[in-house]
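First up is the structure itself, then whatever we jot down about it.
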């Protein structure tokens, strides 16, 4: 692909997403005090640019490789039967199969130390919005995209009939990270929403809500969480680099032994106390200024 | 209060409209790629590029206005690279 065109596409995408999500975040804010240019927004912009300009090509290569490798696993007659089904049935099959695989793949990312090293980059965001949705390690992206597409690659759903679903899922994934609170009512049992996914980004690593497009898998496997308020704080309990390049290299470096000997619950509690102390300090200084 | 309600309804409608427009754009792009390619002087001319199709798989929110010209002899080699696009489906990396 022409690099100039990629640059143009990236700019257009950034403009479009800003146009879609900024008004929503202003009118229906989940955290009203959070501004557009909140702290570390530049880091998230780097992730956005990296994903669109650099790592996307690696992901395409990995997908093509997977596709080529998996192509002959399922007989062509079976694939023809699949493509002969109505599009809505194919869409349901894709959602159910992909969500099942990504649900367990995602739970594994939170359980297995090696996968968590890469996935915690995504969870290191202390402020959630449409831009923070792009904070993801490239190797973590390949893992997720590989898993989410596995049933499609094996069974062979045609892109032509399901492109609308893919586009919807793409943009919805950004929406659920946005700083929006717009309760869907009973529909939230069928389709993921920010109010659910924000809890997934709570300080507690095993908080729940692992499913992708629909929370049904969370309901079935008992990990559905939906309190009636926003989490107090997002992120991870341990300290993590703030810089884009340091964040990308951190999962690849040898693991440090120092602080992590404490159990996860203890680290989460310590992080909450530190947060409360910092907030109290801010309020005290504001009070002093007023006095 | 009433003004506030109007603003909320307007914003929501704007959001829905843009999302639907985006989906229509992407669907239309894929449809044009698979069904409306022209062949002029031995070259296949598409209203969108192969990169746009690839982006459906790897980065569904990528928007591109680029047009592509693929020589026919290259097109013969194309399916090996395009299998992911033509024969299968992908979706978002976000969780």
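The values are calculated or read from the model by the stated rules, or taken from the named source; none is laboratory data. Note that this is a predicted model, so its numbers are computed, not measured. Counting neighbours? That spans all protein chains shown, and the Cβs are built from the backbone with ideal geometry, glycine included.
Checked against (1) within 28 Å of residue A:242 (Cβ to Cβ); (2) crowded, with 21+ Cβ neighbours inside 10 Å; (3) within 12 Å of another protein chain (Cβ to nearest Cβ), residue A:162 meets all criteria but (1).
Is it the case that some residue within region A:88-97 is more than 17 Å from residue A:212 (Cα to Cα) and either under 15 Å from the mean Cα position of the chain (by Cα) or touching a residue at least 12 places away in the same chain (Cβ under 8 Å) (or both)? Give the steps one after another, and end with the answer.
Step one: list which residues in region A:88-97 are more than 17 Å from residue A:212 (Cα to Cα), which gives A:88-90.
Now drop any that are not either under 15 Å from the mean Cα position of the chain (by Cα) or touching a residue at least 12 places away in the same chain (Cβ under 8 Å) (or both), which leaves A:90.
Looking through region A:88-97, at least one residue is more than 17 Å from residue A:212 (Cα to Cα) and either under 15 Å from the mean Cα position of the chain (by Cα) or touching a residue at least 12 places away in the same chain (Cβ under 8 Å) (or both).
Determine whether residue A:54 is modelled with pLDDT under 90, within 22 Å of residue A:140 (Cα to Cα) and more than 10 Å from every other protein chain (Cβ to nearest Cβ).
yes
Residue A:147 satisfies every condition listed in (1) in contact with a helix residue (DSSP H, G or I) (Cβ under 9 Å, 6 or more places away or on another chain); (2) part of a helix (DSSP H, G or I); (3) over 20 Å from residue A:90 (Cα atoms) except (3). Please work out which residue is modelled with the lowest pLDDT, limiting yourself to region A:127-144 and to residues that are part of a helix (DSSP H, G or I) and more than 13 Å from residue A:173 (Cβ to Cβ). Ranking the qualifying residues of region A:127-144, first place goes to A:142.
Scanning region A:1-11 for residues being surrounded by fewer than 19 Cβ atoms within 10 Å (Cβ to Cβ) and in a helix (DSSP H, G or I) gives a total of 6.
Taking the criterion of being part of a loop (DSSP other than H, G, I, E, B) and under 15 Å from residue A:228 (Cβ atoms), the residues of region A:175-195 that qualify are A:181, A:182, A:183, A:184, A:193. Any chance you could count how many residues in region A:30-72 are within 26 Å of residue B:17 (Cα to Cα), over 19 Å from the mean Cα position of the chain (by Cα) and outside any loop (DSSP other than H, G, I, E, B)? Residues meeting the conditions: 0. Looking across region A:12-29, the residues that are within 9 Å of chain B (Cβ to nearest Cβ), in a helix (DSSP H, G or I) and in contact with a helix residue (DSSP H, G or I) (Cβ under 9 Å, 6 or more places away or on another chain) come down to A:13, A:16, A:17, A:19, A:20, A:21, A:23, A:24, A:26, A:27.
Only one of the numbered conditions (1) assigned to a helix (DSSP H, G or I); (2) in contact with a helix residue (DSSP H, G or I) (Cβ under 8 Å, 6 or more places away or on another chain); (3) more than 7 Å from chain B (Cβ to nearest Cβ) is not met by residue A:172, and that is (2). Do we have any residue at all in region A:72-93 that's within 12 Å of chain B (Cβ to nearest Cβ), under 28 Å from residue A:207 (Cα atoms), surrounded by fewer than 18 Cβ atoms within 10 Å (Cβ to Cβ) and at pLDDT below 95? There is at least one residue in region A:72-93 that is within 12 Å of chain B (Cβ to nearest Cβ), under 28 Å from residue A:207 (Cα atoms), surrounded by fewer than 18 Cβ atoms within 10 Å (Cβ to Cβ) and at pLDDT below 95. Being on the phi < 0 side of the Ramachandran plot and either in contact with a strand residue (DSSP E or B) (Cβ under 9 Å, 6 or more places away or on another chain) or without any contact (Cβ under 8 Å) to a residue 40 or more places away in the chain (or both) holds for only one residue in A:100, A:78, A:66, A:114, and it is A:114.
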